[in-house]
1. Tell me the GluC sites (Glu not before Pro) within the stretch 236-303 that lie in a loop according to DSSP and have at most 14 other beta-carbon atoms within 10 Å.
2. Positive end of the charge dipole of the stretch 72-129 (Lys, Arg +1 and Asp, Glu -1 on Cβ, about the Cα centre): tell me which of LEU98, SER110, SER77 has its Cα farthest that way.
3. Between ARG155 and GLU374, take the C-beta separation as r, use R0 = 41 Å, and let me know the FRET efficiency to the nearest 0.05.
4. Count neighbours as other Cβ atoms within 10 Å of each site's Cβ, and list the GluC sites (Glu not before Pro) in the stretch 29-74 that are DSSP loop with at most 14 such neighbours.
5. Among the lysines, select those whose C-alpha is under 18 Å from the C-alpha of LYS404, and discard any that sit fewer than 8 residues away in the same chain.
6. Report, in listed order, any pair from LYS35/LYS407; LYS35/LYS62; LYS237/LYS393; LYS343/LYS393 with a Cα-Cα distance greater than 25 Å.
7. Using a 7 Å offset from Cα along Cα-Cβ at SER211, what residues in the stretch 409-429 end up with backbone N under 17 Å from the label point?
8. I'd like to verify something in the chain: which complete DSSP H helices, judged by Cα projection on the helix axis, reach 30 Å or more and average at least 1.6 on the Kyte-Doolittle scale?
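The values are calculated or read from the model by the stated rules, or taken from the named source; none is laboratory data. All figures in this text were calculated on a predicted structure; none of them were measured in a lab. Backbone-built Cβ (ideal geometry, glycine too); neighbour counts: all protein chains shown. Just the protein is used for accessible areas: all its heavy atoms, side chains included, with ligands, DNA and RNA removed. Shrake-Rupley method; radii C 1.70, N 1.55, O 1.52, S 1.80 Å.
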Amino acid sequence: MTSVIDVASGLGLEATLNTSESQSVEALFEFNRLKSIQNMETISTTLQVIKDGRLGVASSTKPDVGEELLQKAIALSAYGSPVSYHLPEVEKAASPVLYSKETADFPLESMLRIGEELAAFMKSLHSDVNGTVQVYRATSRHSISNTKGLDASWRKSQFEIGVGLNLAEGQNMVQVGDYVVSPAPHYDLADMKNRIKQDFDLARRNVPLESGAYDVVFTWNAFRDLILPLVECLNGKAVVRGESPFANRLGEQAFSPKFTVVEDGAREMAVASRIYDLQGVACRRTPLVNAGVLSEYILDLETAAKLVRKPTGTGGAGGPTHNNIVIEPGDLEKDEMVAGLKKGIIIDMTMGSWAGNPYSGQVTGNIALGYLVEDGKPVGRVKDSMFSLNIFKHLKDSLVALSKESKCIGNIFLPYALLKDVSVSAKKE
């Protein structure tokens with residue numbers, strides 16, 4: 001396939017070729033029993049060509065399509081977006097460990113035992129529980145080459161366990177779960193069971209809630225719904241278009257000094273890390289918000305050129321795209337956060353909060369799973385209630401603490417967050 005790059009170079013074109021090959025195994029349990037076992041092998045090839053100042057991108061999931069892909073990318077470049085950049089010179093990249101032989105060798109029998117154990121556990125909580133378990137492992141090889149002389153490859157692995165249960169009791173629908181993901185099979189089934197049982201017991205006990213302003217602990221799951229709109233605002237494409245409220249604000253104290261956000265495409269043992277991005281820029285650690293100060297945007301070659309900044313190793317085929325977003329943890333145990341609440345709320349899952357305009361900062365949604373806290377102890381589940389806040393204002397003026405503990409949810413590393421003065425409205429009985 002590297003000959004495609006040679007041909008493109010001979011035609012006077014700039015070109016970048018990305019390939020990935022993966023093998024995966026998934027064991028899926030539904031209704032507390034094994035539903036399916038899937039083995040998959042995939043191949044993906046993407047060629048980017050710059051011709052006459054325009055970008056042509058062609059992709060294929062078939063092997064050995066180099067010449068065909070080149071002709072397709074050249075043809076598409078006539079209709080492609082004009083670009084303001086040239087491909088980068090080859091730069092030395094970090095070499096984080098992204099592959100675990102333990103994952104590659106993890107036997108299917110062990111995956112099935114994990115699924116059976118968790119399914120049986122959920123069934124033991126209540127005879128009518130519908131439990132779902134997904135156990136997944138994958139290994140992949142990635143490579144990149146371009147007309148600047150870059151030629152690199154690396155291996156990755158991924159291991160996931162996802163657990164969820166639901167129980168219908170009259171008008172009450174109980175839904176709780178847990179999730180772990182890592183390049184290596186790092187998991188603690190006892191911890192997962194303990195968390196699920198605690199949530200399950202609390203979620204079955206409904207308690208009344210009055211509307212008002214509350215101190216709220218956002219768990220990993222719920223805090224992610226606040227961070228995603230912020231990440232959209234930090235995307236260089238939104239900045240260039242003038243949609244982001246953070247345009248022309250680098251160096252400003254935009255958030256609390258307790259709040260630091262990092263884009264870390266070279267993070268060790270993280271499933272979204274890479275050696276190079278899809279444009280051939282080395283992935284790296286880039287503070288986006290440093291102790292509350294707006295420090296950088298998520299930039300590809302195009303947006304970096306337009307903003308006269310350096311790319312951040314976050315280039316995709318269609319624009320900037322983050323690798324790992326890391327919210328730096330704080331100095332308070334998450335249990336201490338809850339214990340310090342006289343009267344507050346824990347929000348674990350939201351619904352509908354992602355549907356608004358991310359550039360306004362306003363996040364409003366239903367509390368899909370939340371608990372009332374009185375005198376430092378969760379006392380039961382709150383239902384038929386909504387929360388509303390502005391992430392720009394609250395992460396600047398109302399951030400009380402972030403937890404020491406952190407968890408990877410997809411490709412975002414998150415602590416718990418305690419915010420004060422969150423507006424909560426509850427349905428009147």
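1. Sparse-neighbourhood loop GluC sites (Glu not before Pro): GLU252, GLU268.
2. SER77
3. That gives a FRET efficiency of 0.20.
4. Qualifying residues, ordered by number: none.
5. Qualifying lysines at Cα under 18 Å: LYS258, LYS334.
6. LYS35/LYS407; LYS35/LYS62
7. Counting only backbone N, you get 422-429.
8. Helix filter hits for the chain: none.
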